[in-house]
Amino acid sequence: MANKATVTYDAATVSTYSVAGSTWIGYDDIVSITVKIGYAQSLRIGGYFFWALNGDHNWIISRTGIATMLHLSFYIYRQSL
């Protein structure tokens with residue numbers, strides 16, 4: 001990263017965070033969103049939400065989330081036939 005932050009994905013908490021010096025910030029990225037949507041779909045939860053999308057430049061995470069949700073929905077539908 002440009003600011004030399006260390007980016008870490010924590011599988012136990014399904015979250016991503018960055019640390020630069022004494023500054024810490026937690027957020028969702030493509031990996032955490034994909035895992036969370038998969039979990040919600042496995043429980044047949046009908047939706048999910050985010051607190052903020054303002055950091056999703058070019059809608060990359062949002063598009064990945066939608067594609068994952070549609071793929072998993074289709075998979076679950078096919079399994080129910």
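The values are calculated or read from the model by the stated rules, or taken from the named source; none is laboratory data. All figures in this text were calculated on a predicted structure; none of them were measured in a lab. Glycine also receives a Cβ, built like all others from the backbone with ideal geometry; neighbour counts cover every protein chain displayed.
Things to note:
- Strands (runs of 3 or more DSSP E) contained entirely in the stretch 1-46, each with at least 3 residues that are surrounded by 13 or more Cβ atoms within 10 Å (Cβ to Cβ): 15-20
Condition check ((1) polar (S, T, N, Q); (2) at pLDDT 80 or above; (3) within 20 Å of Val7 (Cα to Cα)) across all residues:
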| residue | (1), (2), (3) |
| --- | --- |
| Ile33 | no, yes, yes |
| Lys36 | no, yes, yes |
| Gln41 | yes, yes, no |
| Asn54 | yes, no, yes |
| Thr64 | yes, no, yes |
| Leu70 | no, no, no |
